[in-house]
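Asker: Submitted below is the structure of interest, expressed as C-alpha cells.
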C-alpha cells in the first residue's frame, strides 16, 4: 500500500511540475533589484556643463526612445540621482541601489559616471559616455551585467562602448517581460 502511495504521489508531483506554467528565459538577465514600474524620475543634473548634460540626455533618450515600457523623467524632488565626475576608481559607471529586500523594488538609486576612465578608454567620447549612461539605467530596470546570452546586449561589460550605446532587442525584451 505504501509503495502505491509513493508512486501516486510521485505521479501527482510530475503532473504538477509538467503542467505548471513556468516563465523561462534563454538567459538569466535579471539583477536582485529594480524599479517597481518602468516609470522613474531622476534629480535635475543641470549643474553639469552643457556637454555632460547632452550625454546624460542622450543616455536617457536611449531608453525613452526604445520600445521598452519605460519612461525616465527629470524631477527636482526625486531621491534618485546621476552624477558625472572624475573618480579614482577603475569603473566607467556605477549604479548604487537601495531596495526593499522582500520585493526587490528600488527605493533610491544613484548613478555615477566616471569621466576619468571614459576619457582614458574612449575613441568616441560622446558615444562611450552615452553607452555607459544607458547601461547604468538598465540596472534600474532590473538588468544585470553580463547576462548569459550570445545576443547583442547593452548590459555586456565587454561591449564596444564606442559603438553600442542603445538598448538592444535582448535588453528591451527582458524589460518588457518585467513590466508588461
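Asker: In nm, to one decimal, how far is the modelled label at residue 150 from the one at residue 108, with both set 7 Å along Cα→Cβ?
Answerer: 4.4 nm
Asker: With springs connecting C-alpha atoms under 10 Å apart, model the chain as a Gaussian network and identify which of 132, 140, 163 has the largest mean-square fluctuation.
Answerer: 163
Asker: Ok, one more. Sort region 77-180 into rounded, prolate or oblate with this rule: let a ≥ b ≥ c be the square roots of the eigenvalues of the Cα gyration tensor; rounded if a/c is under 1.5, and if a/c is not under 1.5, prolate when a/b is larger than b/c, oblate otherwise.
Answerer: oblate
Asker: Which distance in nm do the two modelled labels at residue 86 and residue 177 give, with both placed 7 Å along the Cα-to-Cβ direction?
Answerer: Reported label-point gap for residue 86 and residue 177 is 4.2 nm.
Asker: Considering only DSSP beta bridges whose two residues both sit in region 31-175, what percent are antiparallel, to the nearest 5?
Answerer: Antiparallel: roughly 40 percent of the beta bridges in region 31-175.
Asker: Under 10 Å, Cα contacts only: if you run a Gaussian network model on the chain, which one of 61, 165, 150 comes out with the highest mean-square fluctuation?
Answerer: With Cα springs under 10 Å in the chain, the top fluctuation among 61, 165, 150 is at 150.
Asker: With a cut-off of 17 Å, note down the residues of region 147-180 whose backbone N falls inside the zone around a label point 7 Å from the Cα of residue 123 toward its beta carbon.
Answerer: Residues 158-165 fall inside that zone.
Asker: If you average the sequence gap of Cα pairs under 8 Å that are 6 or more apart and divide by the length of region 31-175, what percent do you get for the contact order?
Answerer: Averaging sequence separation for qualifying contacts and normalising by length gives 27 percent for region 31-175.
Asker: Next question. Out of [x] 1.10; [y] 1.14; [z] 1.25, which label holds the value of Rg/Rh (Cα atoms, Kirkwood Rh) that was computed here?
Answerer: Checked against the structure: label [y].
Asker: Using only helices, what value at 222 nm comes out for the chain when you add -39,500 (n - 2.57) per DSSP H run of length 4 or more and divide by the total residues, to the nearest 500 deg cm²/dmol?
Answerer: -12000 deg cm²/dmol
Throughout, read-outs are computed from the coordinates displayed, never taken from laboratory work. The structure displayed is predicted, hence computed values, not measured ones. In this analysis, Cβ positions are derived from the backbone assuming ideal geometry, glycine residues included, and neighbour counts consider all displayed protein chains.
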